[in-house]
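A.B. asks: Supplied in structure tokens, the structure appears directly below.
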Protein chains: 10
Amino acid sequence: MAMFHVRMDVSIPLDLDPAVRVDTLAREKAYSQDLQRQGKWVHIWRVVGKYSNISIFDVESPDELHEILWNLPLFAYMTVEVTPLTTHPSAIPS
Amino acid sequence: MAMFHVRMDVSIPLDLDPAVRVDTLAREKAYSQDLQRQGKWVHIWRVVGKYSNISIFDVESPDELHEILWNLPLFAYMTVEVTPLTTHPSAIPS
Amino acid sequence: MAMFHVRMDVSIPLDLDPAVRVDTLAREKAYSQDLQRQGKWVHIWRVVGKYSNISIFDVESPDELHEILWNLPLFAYMTVEVTPLTTHPSAIPS
Amino acid sequence: MAMFHVRMDVSIPLDLDPAVRVDTLAREKAYSQDLQRQGKWVHIWRVVGKYSNISIFDVESPDELHEILWNLPLFAYMTVEVTPLTTHPSAIPS
Amino acid sequence: MAMFHVRMDVSIPLDLDPAVRVDTLAREKAYSQDLQRQGKWVHIWRVVGKYSNISIFDVESPDELHEILWNLPLFAYMTVEVTPLTTHPSAIPS
Amino acid sequence: MAMFHVRMDVSIPLDLDPAVRVDTLAREKAYSQDLQRQGKWVHIWRVVGKYSNISIFDVESPDELHEILWNLPLFAYMTVEVTPLTTHPSAIPS
Amino acid sequence: MAMFHVRMDVSIPLDLDPAVRVDTLAREKAYSQDLQRQGKWVHIWRVVGKYSNISIFDVESPDELHEILWNLPLFAYMTVEVTPLTTHPSAIPS
Amino acid sequence: MAMFHVRMDVSIPLDLDPAVRVDTLAREKAYSQDLQRQGKWVHIWRVVGKYSNISIFDVESPDELHEILWNLPLFAYMTVEVTPLTTHPSAIPS
Amino acid sequence: MAMFHVRMDVSIPLDLDPAVRVDTLAREKAYSQDLQRQGKWVHIWRVVGKYSNISIFDVESPDELHEILWNLPLFAYMTVEVTPLTTHPSAIPS
Amino acid sequence: MAMFHVRMDVSIPLDLDPAVRVDTLAREKAYSQDLQRQGKWVHIWRVVGKYSNISIFDVESPDELHEILWNLPLFAYMTVEVTPLTTHPSAIPS
């Protein structure tokens with residue numbers, strides 16, 4: 001498996017059609033929660049004071065991660081930073 | 001409770017006394033694992049390709065987090081970035 | 001309690017409907033002053049030469065701080081940087 | 001009067017003579033507390049996870065602030081960022 | 001008195017109504033020259049190759065400087081950096 | 001499989017014992033060429049004008065990449081940036 | 001011959017006419033694949049999580065590379081970084 | 001005389017009236033070539049992969065350089081960086 | 001004539017021989033004051049809170065400015081940023 | 001042929017053996033002047049106020065440029081930035 005730290009900073013245009021906005025946000029939430037239930041989107045936290053999240057993904061490969069991110073409903077409004085992770089020698093088995 | 005994302009980039013001087021280095025690393029590992037067992041240091045991952053870790057802390061307050069970080073045996077050799085986190089509206093209860 | 005240093009840089013679109021602007025600024029002021037009276041928004045200073053403020057918050061947790069910031073009427077027009085604070089060893093009790 | 005936000009990031013050489021270090025830190029604390037009692041050094045907070053402080057000064061002029069900072073015992077080991085402040089229109093009289 | 005170095009980078013929207021542009025620039029020039037005659041705006045130089053100026057202000061306090069800058073007709077189109085100055089020990093009295 | 005783009009900027013201390021330098025460089029070369037023969041270190045180019053390389057790795061996982069990088073003889077003298085790659089939709093099968 | 005590493009970050013305006021978008025993307029793909037078949041555009045990878053690619057070009061000269069990049073159908077929507085490469089002393093002949 | 005290195009990064013709005021674009025580019029070319037013939041605009045190179053140029057000017061003074069740059073037909077669409085040059089001690093007379 | 005804005009950030013090694021330090025600083029002050037009396041070094045201000053100055057030079061050419069800066073006794077311990085200036089259209093004759 | 005813009009920022013350790021320094025500088029000058037006479041090192045200017053040069057190279061390929069730069073006697077003390085150039089459409093034949 002492959003672990004990735006992903007930061008997503010969201011910037012939705014102020015003049016986006018409200019209906020489009022509502023629909024996109026709903027699809028984004030459903031999309032994320034589905035992946036969380038699959039165990040791929042392992043963690044998602046909101047960054048205090050920002051329209052950003054920090055997430056941890058546990059996926060097969062970078063290819064799979066890209067597919068997940070590329071198809072985020074909010075992708076067009078995001079800046080995404082991906083940091084590959086690996087097991088830390090001090091980590092005790094959860 | 002208070003959740004914090006902490007990135008620690010370590011840069012140990014190349015000319016540090018090897019014995020001091022070994023001792024410091026051992027104390028760092030024990031220190032971290034003790035806090036992991038207490039449930040305060042919730043996650044620690046190694047950043048691929050770097051002498052860095054990304055950690056998640058679940059503590060009482062910023063005060064407690066500072067005490068934990070300030071007393072890291074490796075603190076003098078670290079650059080630390082702290083990002084406060086909060087629950088994300090899409091997060092499904094683990 | 002939890003102390004946070006928050007810098008807010010405001011950038012209101014030049015073509016924002018003037019009425020919306022006036023209303024938003026009024027709601028922002030009322031919102032801030034209410035939190036100041038509650039003792040949560042402890043300090044707010046204007047940065048000289050910029051449409052920015054530096055504020056100090058004294059809140060229960062990062063969660064509460066996020067709720068406060070997320071619901072700022074001007075939030076959509078802001079860049080926000082949050083820095084957690086703790087007591088300085090040299091600070092004399094006020 | 002003149003209000004200034006000052007961030008001080010401290011980096012003491014690892015090979016500084018321990019006696020010099022202890023003496024300098026003691027003089028720094030006394031120096032700071034004296035100015036706090038004079039009401040010039042109005043606030044000093046520790047930045048969580050860093051050997052840094054954020055302080056607020058209330059002084060006669062930039063000249064006076066410079067004298068204060070230039071004569072900090074730790075000045076030679078500091079990176080200092082000064083941001084002039086002024087009253088915020090939303091601030092309610094303390 | 002208080003001396004400040006201020007850099008102003010101007011970026012006027014390309015689609016600004018030409019009449020508004022001409023009027024704003026005229027008011028900016030008059031505003032600046034009035035302050036120069038008062039001896040507050042001590043120096044103003046154009047930065048070669050940029051729509052920017054570097055100015056030196058000699059004012060009562062940061063508060064006064066902020067009022068001056070905040071009320072610049074071009075303020076909404078500016079990025080402003082303020083650097084407090086003080087007398088240099090090598091400066092010979094002019 | 002997992003593809004990674006890795007940039008390595010090397011900075012060897014000028015006062016490193018020449019013998020240690022020669023030995024380390026030789027081990028680095030052998031280490032790299034062994035991985036190249038295994039097909040894991042797929043490409044390595046020198047960046048013109050810099051003591052840096054850009055490499056492409058094809059490995060099982062981020063874990064394996066970290067082991068490879070962490071054990072580079074020159075690792076202690078390197079700044080490493082890792083960028084996960086995936087197949088580009090325009091890429092024609094080689 | 002001359003080897004170049006080129007990173008292309010694409011940012012297509014959200015309000016671009018959909019038909020223009022589709023046509024431009026199709027021409028971009030054809031343009032790229034033609035150069036790949038000519039052996040000039042040697043590699044193209046997608047950067048995980050971003051609308052970006054990292055490519056390797058093998059061309060006659062910087063002049064030829066510029067012509068190729070300048071005439072990319074997507075050029076107007078791109079930020080391009082070019083890094084000249086050369087053979088690495090550790091590289092084993094492919 | 002005064003030598004200056006000037007980098008000009010051009011960013012023409014995508015929605016600029018095509019006729020205005022064509023006219024501005026033509027005037028820019030004529031303007032530049034006239035100064036080249038006068039020996040003031042000594043060199044102009046295109047930066048590979050970018051809508052940018054690097055130029056060398058040989059003029060009377062910074063004042064003259066500013067007049068030249070300020071009156072570039074494309075000035076409103078440019079980011080300009082000016083670096084003053086002087087003779088290098090290793091330069092052999094051309 | 002040619003006007004230049006020069007920022008000098010000084011960083012003297014902590015382990016510099018005290019006698020060399022005292023001598024260098026004395027020569028720097030004399031050197032600067034001599035140029036001030038010649039009217040070339042027109043202004044020199046200390047940046048509040050930093051071992052830095054902002055200076056304005058009025059010299060024949062960039063060549064002359066370089067000679068002045070290159071021969072500063074403290075040059076080896078300085079980071080210098082040079083910004084060419086010209087007359088601002090709003091400046092009223094002093 | 002291939003044109004490159006190269007900026008070299010030099011930082012020689014203050015404690016370098018003076019004899020080594022003198023010898024290295026002499027070899028650097030001879031090395032540069034030899035390449036200038038060959039017509040490969042076409043221009044070299046000193047950046048005002050810095051121990052830096054901006055040079056233009058006209059060489060066969062990036063490979064040749066790398067060899068030239070890698071073997072600069074001062075290379076170990078340099079930060080080098082290479083920017084490939086090409087003919088500008090406005091350039092008039094010299």
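A.B. asks: Between helix B:18-37 and chain B, what is the angle of the helix's C-alpha long axis to the longest principal axis, kept within 0 to 90° and rounded to the nearest 10?
C.D. replies: That helix lies at roughly 20 degrees to the long axis.
A.B. asks: Over the Cα atoms of segment D:40-94, how large are the radius of gyration and the largest Cα-Cα distance (Dmax), in Å?
C.D. replies: Radius of gyration, then largest Cα-Cα span, for segment D:40-94: 13.0, 38 Å.
A.B. asks: Hey, can you find the accessible area per residue of chain I for me, probe 1.4 Å, expressed in square angstrom?
C.D. replies: On a per-residue basis, 44 Å².
A.B. asks: Here is a further query. Under 14 Å from the Cβ of C:L65, count the other residues' Cβ atoms, weight Lys and Arg +1, Asp and Glu -1, and hand me the total.
C.D. replies: Surrounding charge for C:L65 is -2.
A.B. asks: What's the FRET efficiency of I:R37 with H:S94 using the Cβ-Cβ distance as r and R₀ = 56 Å, to the nearest 0.05?
C.D. replies: E between I:R37 and H:S94, to the nearest 0.05, is 0.90.
A.B. asks: Also, quick follow-up: Hey, what number do you get for chain B at 222 nm if only DSSP H runs of n ≥ 4 count, each worth -39500 (n - 2.57), divided across all residues, to the nearest 500?
C.D. replies: Mean residue ellipticity, 222 nm, calculated: -10000 deg cm²/dmol.
A.B. asks: So what J values fall out for segment H:82-94 if you push phi through Karplus, 6.51 cos²θ - 1.76 cosθ + 1.60 with θ = phi - 60°, rounded to Hz, Gly and Pro as x?
C.D. replies: Couplings: 10, 10, x, 10, 9, 5, 8, x, 8, 5, 8, x, 5 Hz.
A.B. asks: Distance between Cα centroids, segment I:23-55 to segment D:1-71: provide it in whole Å.
C.D. replies: 26
A.B. asks: Could you give the size of the charge dipole of the protein assembly as shown about its Cα centre, using +1 on the Cβ of each K and R and -1 on the Cβ of each D and E, expressed in debye and rounded to the nearest 20?
C.D. replies: That gives the protein assembly as shown a dipole magnitude of about 0 debye.
A.B. asks: So, one more: Given labels modelled 7 Å from the Cα in the Cβ direction, how far is it in nm from G:N71 to I:E60?
C.D. replies: 5.1
A.B. asks: Estimate the FRET efficiency between F:D9 and G:V22 by the formula 1/(1 + (r/R0)^6), using the beta-carbon distance for r and 60 Å for R0, to the nearest 0.05.
C.D. replies: The value I calculate is 0.90.
A.B. asks: In whole Å, what are the Cα extents of chain A along the three principal axes, biggest one first?
C.D. replies: 48, 26, 20
A.B. asks: Per residue of F:53-60, how many C-beta atoms from partner chains lie within 10 Å of its own C-beta, taken as a mean?
C.D. replies: Shielding by partners across F:53-60 averages 3.
A.B. asks: In a solvent-free Debye calculation with one equal scatterer on each Cα, what is log10 I(q)/I(0) for the protein assembly as shown at q = 0.10 Å⁻¹, listed in the order of the q values?
C.D. replies: Debye output, listed in q order: -1.71.
A.B. asks: Roughly how much accessible area, to the nearest 100 Å², goes out of reach of solvent when D and B pair up, both sides summed, probe 1.4 Å?
C.D. replies: 700
A.B. asks: Right, next: In vacuum, with every alpha carbon of segment J:21-68 counted as one equal point scatterer, what does the Debye formula give for log10 I(q)/I(0) at q = 0.16, 0.22, 0.29 Å⁻¹? Two decimals, please.
C.D. replies: Per q value, in the given order, log10 I(q)/I(0) is -0.50, -0.89, -1.14.
A.B. asks: Determine the relative contact order of chain D: mean sequence separation of Cα pairs under 8 Å and six or more apart, normalised by residue count, in whole percent.
C.D. replies: The normalised contact order for chain D reaches 49 percent.
A.B. asks: Rounded to a whole number, what % of the accessible area of the protein assembly as shown do carbon and sulfur atoms account for, probe 1.4 Å?
C.D. replies: Carbon and sulfur atoms account for 53 percent of the accessible area of the protein assembly as shown.
A.B. asks: Quick check for me: using +1 on Lys/Arg Cβ and -1 on Asp/Glu Cβ, what's the dipole size of segment I:32-94 about its Cα centre, in debye to the nearest 20?
C.D. replies: Value, rounded to 20: 360 debye.
A.B. asks: Going down the table (H:K29/H:K50; D:K50/I:K50; C:K50/E:K50; F:K50/G:K50; E:K50/H:K40), which pairs top 23 Å between alpha carbons?
C.D. replies: Violating the 23 Å limit, Cα to Cα: F:K50/G:K50.
The values are calculated or read from the model by the stated rules, or taken from the named source; none is laboratory data. In this text, all values refer to a predicted model and were calculated from it rather than measured experimentally. Backbone-built Cβ (ideal geometry, glycine too); neighbour counts: all protein chains shown. Only protein heavy atoms, including side chains, enter the accessible area calculation; ligands, DNA and RNA are left aside. Shrake-Rupley method; radii C 1.70, N 1.55, O 1.52, S 1.80 Å.
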